[in-house]
Amino acid sequence: QVQLVESGGGLVQAGGSLRLSCAASGRTFSTMGWFRQAPGKEREFIAAISWSGGSTYYADFVKGRFTISRSNVKNTVYLQMNSLKPEDTAVYYCAAASGLRLGRTDRDYDYWGQGTQVTVSS
């Protein structure tokens, strides 16, 4: 049974940092990604990473602030978030795909975690 379990969310002040983790179980995945959904908004893509970690892709709004990485030994993907802003407040979701493409839409991913709340206070 495949499971993705996120952790590391919480409350942080603007300008602060958080590191999200997503532990996968049941199998390994070629591509892993992070998305987020703010209240009243559609879920949006944040970042994706290839199996080797050698290829990454970021949404424009997080470039230079967020970094995606993975440990295949631990079957875990991470999202380091720095310089957080109140507009980063959202539920953050981990996603996994069997394909090699660094997808940027929901339909590119086969499995999803339950989400972890990130709240950035001003």
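The values are calculated or read from the model by the stated rules, or taken from the named source; none is laboratory data. Computed from a predicted structure; not experimentally measured. No Cβ is skipped: glycine too gets one built from the backbone with ideal geometry, and neighbour counts run over all protein chains shown. Please note that ligands, DNA and RNA were not included when accessible areas were found on the heavy atoms of the full protein model with its side chains. Shrake-Rupley method; radii C 1.70, N 1.55, O 1.52, S 1.80 Å.
Model label sites at Asp110 and Ala59, defined 7 Å from Cα along the beta-carbon direction, differ in position by 2.5 nm.
Give me the accessible area per residue for the chain, probe 1.4 Å, as a whole number in Å². Could the numbers behind the result be given before it?
Values: 6210 Å² over 122 residues.
It amounts to 51 Å² per residue over the chain.
When all protein chains stay in place and ligands, DNA and RNA are ignored, the 1.4 Å accessible-area order of Leu79, Leu102, largest first, is Leu102, Leu79. Give the residues of region 5-40 whose amide nitrogen is closer than 12 Å to a point set 7 Å from the Cα of Thr119 in the direction of its Cβ. From region 5-40, the list is 10-13.
Label-to-label distance for Gln3 and Asn72 is 2.4 nm, based on points extended 7 Å past Cα in the beta-carbon direction.
Computed from the C-beta positions of Lys41 and Asn82, the FRET efficiency with R₀ = 25 Å rounds to 0.65.
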